[in-house]
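Just so it is clear, none of the values below were taken in a lab; they were calculated from the coordinates. Computed from a prediction, not measured in an experiment: that's the story for all the values here. Glycine gets a Cβ as well: all are built from the backbone with ideal geometry, and neighbour counts include every protein chain shown.
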Amino acid sequence: MEILVKARFNSSRERFETYGRNKYLIYLPFPEDEDSLPILIEILSRQMGVSQKNIIFKRKSVVANDWVFEIN
């Protein structure tokens with residue numbers, strides 16, 4: 001199953017929201033850096049009840065700024 005994640009960095013607190021079928025909005029209280037991907041995977045794992053090893057990063061859409069993941 002493919003899911004889209006919109007990550008909003010530098011927010012006031014961490015939040016996880018659903019805004020459509022297989023679409024999620026994640027607010028993170030820090031700037032985007034090289035540690036962002038593992039943190040997004042950890043949050044998705046925790047919220048969706050899926051092991052982190054079953055969440056695979058596919059790509060980041062430059063135009064829409066979506067992070068695309070595959071969940072096995």
Report the dimensions of the chain along its three principal axes from the alpha-carbon atoms, largest first, rounded to Å. 31, 26, 25
Residue 51 and residue 71 label points (each 7 Å along its Cα→Cβ direction) are spaced in nm at 1.6
Add -39500 (n - 2.57) for each DSSP H run of 4 or more in the chain, then divide by its residues: what number comes out at 222 nm, to the nearest 500 deg cm²/dmol? -5500 deg cm²/dmol
Using only Cα atoms, find the angle between the long axis of helix 36-48 and the longest principal axis of the chain, and express it within 0 to 90 degrees, rounded to the nearest 10. 60
Return the single residue from 14, 42, 34 with maximal mean-square fluctuation; model: Gaussian network over the chain, springs between Cα atoms under 10 Å. 34
